[in-house]
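> Supplied in C-alpha cells, the structure appears directly below.
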Amino acid sequence: RSNASVPQRIADAVSGPRVAATGSHTLLFQETADGWPVARVFDNATGKGCTLNREFSDETYNGRFTHDGKRAVWIEYGSGNSEVGYSADLGCGGLVKFGDWVLGYSLHRDFVVFEGGDEADSTSYLQYARFPDTPGKSLLTPLVVYEHPRYPTMTLDLQQSSYIVFAGDFGTPAMSGLYLHGPLEKSF
C-alpha cells in the first residue's frame, strides 16, 4: 500500500476477489492441490489472511461481504454433500451457519435472503435470517416465506423497513403474481 503504483502479488491461483465496502479486507478463492477453491480473507493494511472454510477439503464459492463490511459470507459444498451457507467475522472467527442446501443468496442490511432446499433435493424454500449482532451464536434459524420461489428475488427498503419481493403462483393461476413480504425486522 505504501507504493500503490507497483502491483504486488498477494496470492497464487485465485478467483472471485471481492473487496469490503470499507476497503479494509479482500475475500478471494484460492485453488488447492486437490483442485477445490478455498475461501480466504485478507486484511488489506497488513496482508495477513486466514481461511474461512469449515472443512479445508470442501469446495467454496459465492463469497461476499455484508453491507457493513464486518462479515464474510459464502457457500461451502462438501460434508454430507450439502451446500451450506456460512458467515464469519473478518478474523475467520464467529462462524455462523445460516442455511442448508443453499442454492443462492442475497444480502440486505443485516439479513441474508436465500433459497434453500431439503436433503432429498425435492423442493426449495425462500428463507431469510438475521445475522447476530453479538458473538457466540453459531446457528441461525431462518424463517421460511414460500416454497419454490422464482428468481430473481429482491430486497428493498420501504418506510425504514426491509421487505422481500418475489414472484409466485401459490398453486392456482388466480394466485399468480408479485408478492411483498415483510417487514423483516418485525419477524425477529
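> Test L95 against the stated conditions and say whether it is of a type outside the set (S, T, Y), farther than 21 Å from K186 by Cα and under 11 Å from the mean Cα position of the chain (by Cα).
Considered against the rule, which asks whether it is of a type outside the set (S, T, Y), farther than 21 Å from K186 by Cα and under 11 Å from the mean Cα position of the chain (by Cα), L95 comes out as no.
> For segment 106-117, which residues satisfy the criterion of being closer than 14 Å to F166 by Cβ and surrounded by fewer than 19 Cβ atoms within 10 Å (Cβ to Cβ)?
Correct list: S106, H108.
> Restricting to segment 147-188, what's the tally of residues that are open to solvent by less than 90 Å² (accessible area, probe 1.4 Å) and within 19 Å of the chain's Cα centre (by Cα)?
Of the residues in that region, 11 qualify.
> Among the numbered criteria (1) closer than 22 Å to G23 by Cα; (2) in contact with a Leu (Cβ under 8 Å, 6 or more places away or on another chain), which single criterion is violated by C50?
Tallying (1) closer than 22 Å to G23 by Cα; (2) in contact with a Leu (Cβ under 8 Å, 6 or more places away or on another chain), C50 fails exactly one: (2).
> Among the numbered criteria (1) modelled with pLDDT under 90; (2) open to solvent by 60 Å² or more (accessible area, probe 1.4 Å), which single criterion is violated by G78?
G78 satisfies all of (1) modelled with pLDDT under 90; (2) open to solvent by 60 Å² or more (accessible area, probe 1.4 Å) except (2).
> Right, another one. For segment 91-105, give me each residue that is out of contact with any Phe, Trp or Tyr (no Cβ under 7 Å at 6 or more places or on another chain) and either open to solvent by 30 Å² or more (accessible area, probe 1.4 Å) or polar (S, T, N, Q) (or both).
Matches in segment 91-105: G91, C92, G94, D100, W101, L103.
> Here's something else I'd like to know. Checking the structure you have, find out if any residue of segment 128-141 is open to solvent by 50 Å² or more (accessible area, probe 1.4 Å), within 28 Å of A20 (Cβ to Cβ) and modelled with pLDDT of 90 or more.
yes
> Looking at (1) open to solvent by 60 Å² or more (accessible area, probe 1.4 Å); (2) in contact with a strand residue (DSSP E or B) (Cβ under 6 Å, 6 or more places away or on another chain); (3) of a type in the set (A, V, I, L, M, F, W, C), which is the one condition that is false for A120?
With respect to (1) open to solvent by 60 Å² or more (accessible area, probe 1.4 Å); (2) in contact with a strand residue (DSSP E or B) (Cβ under 6 Å, 6 or more places away or on another chain); (3) of a type in the set (A, V, I, L, M, F, W, C), A120 is out only on (2).
> Still on this model: What are the residue pairs meeting all of these: first residue in segment 46-57, first residue closer than 10 Å to H25 by Cα and at pLDDT 80 or above, second residue hydrophobic (A, V, I, L, M, F, W, C) and open to solvent by 70 Å² or more (accessible area, probe 1.4 Å), Cβ atoms under 9 Å, and 6 or more apart or on different chains?
G47/I10; G49/I10
> Then there is this: Among (1) surrounded by fewer than 19 Cβ atoms within 10 Å (Cβ to Cβ); (2) in a loop (DSSP other than H, G, I, E, B), there is one condition N53 misses while meeting the rest; what is its number?
With (1) surrounded by fewer than 19 Cβ atoms within 10 Å (Cβ to Cβ); (2) in a loop (DSSP other than H, G, I, E, B) applied to N53, the lone miss is (1).
> Next up: Does any residue in segment 5-33 that is modelled with pLDDT of 75 or more and assigned to a strand (DSSP E or B) come within less than 7 Å, Cβ to Cβ, of a residue that is open to solvent by 30 Å² or more (accessible area, probe 1.4 Å) and β-branched (V, I, T) six or more places away or on a different chain, and which pairs are these?
Hits for this filter: T26/V19; L28/V14; F29/V14; Q30/V14.
The values are calculated or read from the model by the stated rules, or taken from the named source; none is laboratory data. Remember, it's a predicted structure, so these values are computed and weren't measured experimentally. Don't worry about glycine lacking a Cβ; one is built from the backbone with ideal geometry, like all the others, and counts go over all protein chains shown. For the accessible areas, the whole protein counts, side chains as well, though only heavy atoms, and no ligand, DNA or RNA atoms are used. Shrake-Rupley method; radii C 1.70, N 1.55, O 1.52, S 1.80 Å.
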